[in-house]
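Scroll down for the structure; my scribbles are underneath it.
The values are calculated or read from the model by the stated rules, or taken from the named source; none is laboratory data. Everything numeric here is computed off the predicted structure, so don't read it as measured data. Cβ placement follows ideal geometry from the backbone for every residue including glycine, while neighbour counts extend to all protein chains displayed.
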There are 2 protein chains.
Amino acid sequence: MRVLLAAGTTDTALIEGISAAGASPELMAHTPAADAEILAYGEPTRAPVTPVSPTGCPTPAAVTRAVRETVGFDIAIVDAGLAEPTTAPTVGIGDVAPGADVREDEAVSDAGAIFDRAHGYGTSLPDDDLLIGETIPGGTTTALGVLTALGEPIGVSSSLPENPLEHKRRVVDEGLAASDLEPGACAGAPLEAIRAVGDPVQPTVAGVAAGALESGTGVTLAGGTQMIAVAALLRHAGVDAPLSIATTSFVADERGDDLEAACERLDCELTVTDPGFADHERDHVAMNRYCAGEAKEGVAMGGALSLVPDGQMADVRNQFETVCSRLGIDAEQGGQHDDEECGGD
Amino acid sequence: MRVLLAAGTTDTALIEGISAAGASPELMAHTPAADAEILAYGEPTRAPVTPVSPTGCPTPAAVTRAVRETVGFDIAIVDAGLAEPTTAPTVGIGDVAPGADVREDEAVSDAGAIFDRAHGYGTSLPDDDLLIGETIPGGTTTALGVLTALGEPIGVSSSLPENPLEHKRRVVDEGLAASDLEPGACAGAPLEAIRAVGDPVQPTVAGVAAGALESGTGVTLAGGTQMIAVAALLRHAGVDAPLSIATTSFVADERGDDLEAACERLDCELTVTDPGFADHERDHVAMNRYCAGEAKEGVAMGGALSLVPDGQMADVRNQFETVCSRLGIDAEQGGQHDDEECGGD
């Protein structure tokens, strides 16, 4: 089992109110590099920032890393449009540029070429099973973009507790208009959808997944609505091999029945894993923030959690405390505590 | 514990009779990329070649990978002058160009800049312990080059059963002459030595090691005479922190007392590990070729073997058979069997 992380950027993230992945626009460009370094080394090495929200919610990379430190898994990080340098080990699949704002004419001008190169890489991987995650600020908006362009009636999640969904819809509508497209105009033409209103992580993940599936590797898309969007892209590309989606309980809690309906529509098996932050024996700001609906998913978090054997989730939570502490987040930190807690069912 | 691999190339390898690392000059340029892919994925993914000698001796990367598949360790592969593309995940420390032929004026014109960037990366690593290996065809000649330039009376090993040492000495003498240097002229000036007659892997490994040591990470140089050369470079740079060298019994058998004397001279702890290929329960061409003195070391092989807990070496050998088989090397293969066997003491 290998966990592959596609790390990239899109200027769509710079639109006010779109993303929680980074405190300021300048720092947000470093978020995917920091995530990659946290996954690879346990903390940022070259990136000048640790992605933590103002309330003390760390990037999901910290959870994925905690799982890695607990159960161990091999990784590969693909440069899918990084905007800033990183010393994380990255796989190069040729030049992948940061994505443009979806409101431009073209969001990912070379979507087809990226898909083809990623496909070649996916085909070359000898792994039996691949779990593919992403880190790209603004990714839920571009997910909504391609879903709308494909004509798939599926909503998206958010890294913010209050999902600015109407705002995202307006951005996507502007993006489609700028590309002279109606909603649904790209049905059966997934690369057109990405080119118009997607991001560079999408053709990377879709290409690796399609190539891997073709060569007999099992593929799990590790993520929430962004991976639903990739699954839709794959289905519209005619890929009918079995596909799984593994996400967190935080995404499932927000999306409710929509998530299952989307997976059914796209013929994907769905795995939801709850890290049990609500049951943790100590109060910890990072876990409380996840329980309050921040971050929710990303950097293959839900997929990584699905790898944890029964009975080891408490170990993962303890290790998550260690990772948080290494990232400078103490249990008590945060300042903006509120009474929101992880709810039971 | 992380195993870091510096992978690069030098045109010195193209000199007739210098290196066994690759069947032809064209394919040899792909050897470090193939080694990196074998370490990362278990087989070449993008490199068009599997480094195997005409007699059936696979690259030491296959042994290192077998150890990794048995005991598990984290890796980082640094691009230290790769000449061909790879889909192995690599750390970029800025542009590192392939090295020139040591007989040119300058072998590594930007040795100082490479060292500085590698140093910064080494400092940033949070690991407690680092084991640093290399893959660079022609590397024992450039090792002899810098040792001679530093005035260190230490010989070098070879990936060929019969070490073409006199040939290497002539190449190094030509290289020093081309740089207007006498043997020993670079004592205390290690970067000058690399610039004149070294290779790009040397300032990368020395820089990462120096940076890691400065930030409190324990460093083991994983290799034979090439790592002796790096240890000499570090000592001449004034680095006096504890340093270990871990190599294979194949290098130790060839070098005899020289190896211990060199380690003593450079104040390095020496660990020699025997993979027990002579004791393996089945006859296997790859193990026989190592026993006959081919390859001997490289791609952190000796260091990786030093990580194998007591009682697990048989598992490593069995896994090595699996890796060989994946690389297309059957136990019986080779054609040029001879009666040489692994000798006891």
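For the stretch A:1-14, a residue qualifies if it is surrounded by fewer than 20 Cβ atoms within 10 Å (Cβ to Cβ) and outside any helix (DSSP H, G or I), and the qualifying residues are A:1, A:2.
Does any residue of the stretch A:257-274 turn out to be in a loop (DSSP other than H, G, I, E, B) and at pLDDT below 95? Checked the stretch A:257-274: no residue is in a loop (DSSP other than H, G, I, E, B) and at pLDDT below 95. What about residue A:279, is it farther than 18 Å from residue A:226 by Cα and at pLDDT 95 or above? It is false that residue A:279 is farther than 18 Å from residue A:226 by Cα and at pLDDT 95 or above.
Within the option set A:248, A:225, being crowded, with 24+ Cβ neighbours inside 10 Å, at pLDDT below 95 and in contact with a helix residue (DSSP H, G or I) (Cβ under 6 Å, 6 or more places away or on another chain) holds for one residue only, A:225. Just checking, does the stretch A:87-94 include any residue being more than 14 Å from every other protein chain (Cβ to nearest Cβ) and either crowded, with 19+ Cβ neighbours inside 10 Å or part of a loop (DSSP other than H, G, I, E, B) (or both)? The answer is no; no qualifying residue exists. Screening the candidates B:331, B:295 for the property of being touching a His at 6+ places or on another chain (Cβ under 8 Å) and modelled with pLDDT under 95 yields one hit, B:331. Within the stretch A:222-233, identify whether any single residue is in a helix (DSSP H, G or I), touching a residue at least 24 places away in the same chain (Cβ under 8 Å), under 21 Å from residue A:176 (Cβ atoms) and touching a His at 6+ places or on another chain (Cβ under 8 Å), and answer yes or no. No, the stretch A:222-233 contains no residue that is in a helix (DSSP H, G or I), touching a residue at least 24 places away in the same chain (Cβ under 8 Å), under 21 Å from residue A:176 (Cβ atoms) and touching a His at 6+ places or on another chain (Cβ under 8 Å). Among the criteria (1) part of a helix (DSSP H, G or I); (2) over 18 Å from the mean Cα position of the chain (by Cα); (3) within 14 Å of chain B (Cβ to nearest Cβ); (4) not acidic (Asp, Glu), the one residue A:113 does not fulfil is (3). For residue B:82, the test of being closer than 24 Å to residue B:146 by Cβ, in contact with a helix residue (DSSP H, G or I) (Cβ under 8 Å, 6 or more places away or on another chain) and surrounded by 19 or more Cβ atoms within 10 Å (Cβ to Cβ) is passed.
Which residue is farthest from residue B:58 (Cα to Cα), if the candidates are limited to the stretch B:266-288 and must be surrounded by fewer than 19 Cβ atoms within 10 Å (Cβ to Cβ) and touching a Ser or Thr at 6+ places or on another chain (Cβ under 7 Å)? Looking at residues that are surrounded by fewer than 19 Cβ atoms within 10 Å (Cβ to Cβ) and touching a Ser or Thr at 6+ places or on another chain (Cβ under 7 Å), I get B:269. Can you pull out every residue in the stretch A:116-148 that is among the aliphatic types (A, V, I, L, M) and either at positive phi or in a helix (DSSP H, G or I) (or both)? Matches in the stretch A:116-148: A:118, A:143, A:144, A:146, A:147.
What do you reckon, is residue B:10 within 26 Å of residue B:216 (Cα to Cα) and among the hydroxyl-bearing types (Ser, Thr, Tyr)? Answer is no for this residue. Just for the stretch B:17-61: of the residues that are within 14 Å of another protein chain (Cβ to nearest Cβ) and in a helix (DSSP H, G or I), which one is surrounded by the fewest Cβ atoms within 10 Å (Cβ to Cβ)? The qualifying residue surrounded by the fewest Cβ atoms within 10 Å (Cβ to Cβ) is B:41. Tell me, which residue of the stretch B:289-306 that is surrounded by fewer than 24 Cβ atoms within 10 Å (Cβ to Cβ) and not hydroxyl-bearing (Ser, Thr, Tyr) is farthest from residue B:64 (Cα to Cα)? Ranking the qualifying residues of the stretch B:289-306, first place goes to B:292. The one condition from (1) over 19 Å from residue B:257 (Cα atoms); (2) touching a residue at least 24 places away in the same chain (Cβ under 8 Å); (3) among the aliphatic types (A, V, I, L, M) that residue B:177 does not meet is (2).
Kindly check whether there is at least one residue in the stretch A:148-156 that is modelled with pLDDT under 95 and over 17 Å from the mean Cα position of the chain (by Cα). Looking for residues that are modelled with pLDDT under 95 and over 17 Å from the mean Cα position of the chain (by Cα), one finds at least one in the stretch A:148-156, hence yes. Hey, does the stretch B:158-166 have a residue that's modelled with pLDDT under 95, under 24 Å from residue B:13 (Cα atoms) and not in a loop (DSSP other than H, G, I, E, B)? Checking the stretch B:158-166: at least one residue is modelled with pLDDT under 95, under 24 Å from residue B:13 (Cα atoms) and not in a loop (DSSP other than H, G, I, E, B). Do we find a residue being part of a loop (DSSP other than H, G, I, E, B), among the small types (Gly, Ala, Ser) and surrounded by fewer than 21 Cβ atoms within 10 Å (Cβ to Cβ) anywhere in the stretch B:65-78? Checked against the condition, which is being part of a loop (DSSP other than H, G, I, E, B), among the small types (Gly, Ala, Ser) and surrounded by fewer than 21 Cβ atoms within 10 Å (Cβ to Cβ), the stretch B:65-78 yields at least one hit.
When A:105, A:129, A:101 are checked against the criterion of being of a type outside the set (Lys, Arg) and within 14 Å of chain B (Cβ to nearest Cβ), a single residue qualifies: A:129. Scanning the stretch B:62-79 for residues that are away from every other protein chain (no Cβ under 13 Å) and within 15 Å of the chain's Cα centre (by Cα) yields a total of 3. When A:241, A:232 are checked against the criterion of being out of contact with any Gly (no Cβ under 7 Å at 6 or more places or on another chain) and under 20 Å from residue A:145 (Cα atoms), A:232 stands alone in meeting it.
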